[in-house]
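The values are calculated or read from the model by the stated rules, or taken from the named source; none is laboratory data. Computed from a predicted model, the values in this text were never measured in an experiment. Heads up, the Cβs are rebuilt from the backbone with ideal geometry, glycines too, and the neighbour counts pull from every protein chain shown. Side chains are part of the model used for accessible areas, which takes the heavy atoms of the whole protein and leaves out ligands, DNA and RNA. Shrake-Rupley method; radii C 1.70, N 1.55, O 1.52, S 1.80 Å.
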Amino acid sequence: SSEHPGYEAAQAVDGDPATLWHTPWGPDAPGFPHELRLEWEGTRSIAGLIVLPRQDGNRNGWIRRWEISVRLPGQPAWSPPLLSGQWPANPEPKTVRFPAPLEVEGILLRALDGHAAGPWASLAEISLLPP
């Protein structure tokens, strides 16, 4: 949904836990919710996600409440939230498993709020769990 210059969404899928996606900060920072969308050509079978919070010792942007939607094959719109929850305030990877593997064309992670006092979301890496 938004990204701060130098902290683009592509850094959440670059395989490097030292880089990160971060929403804008400063006086005009947008508030929650924030969205990170992963989309690709064709379909992929996935069993869930692994989300790695930023790893630089700064909690700004650590996601607390979240929900996940998917785009099913041939559907133009995102599904209603399939899963939702709350992550603890720690730098450990967060694993989200679907009840059963899904064939999808995309994943939408919506950050509803965070552990820091500001309106930011961030993460170091997001990866797909194979079935």
* Quick one: P(r) of the range 1-83 from all Cα-Cα pairs, 5 Å bins, percents rounded to integers, in order of increasing distance. => 3, 11, 21, 24, 20, 13, 6, 2, 0
* Asked: Tell me, how many Å apart are the Cα centres for the range 72-107 and for the range 1-70?
  -> 13 Å
* Asked: Based only on Cα atoms, what Rg/Rh ratio does the range 53-130 have, Rh being taken as Kirkwood's radius?
  -> 0.99
* Determine the per residue accessible area of the chain with all protein chains present and a 1.4 angstrom probe, expressed in square angstrom. => 50 Å²
* Sticking with the crude label model, points 7 Å out along Cα→Cβ, report the distance from W25 to Q75 in nm, one decimal please. => 3.6 nm
* In the chain, what percent of the accessible surface is made up of carbon and sulfur (1.4 Å probe, ligands and nucleic acids excluded)? -> 53 percent
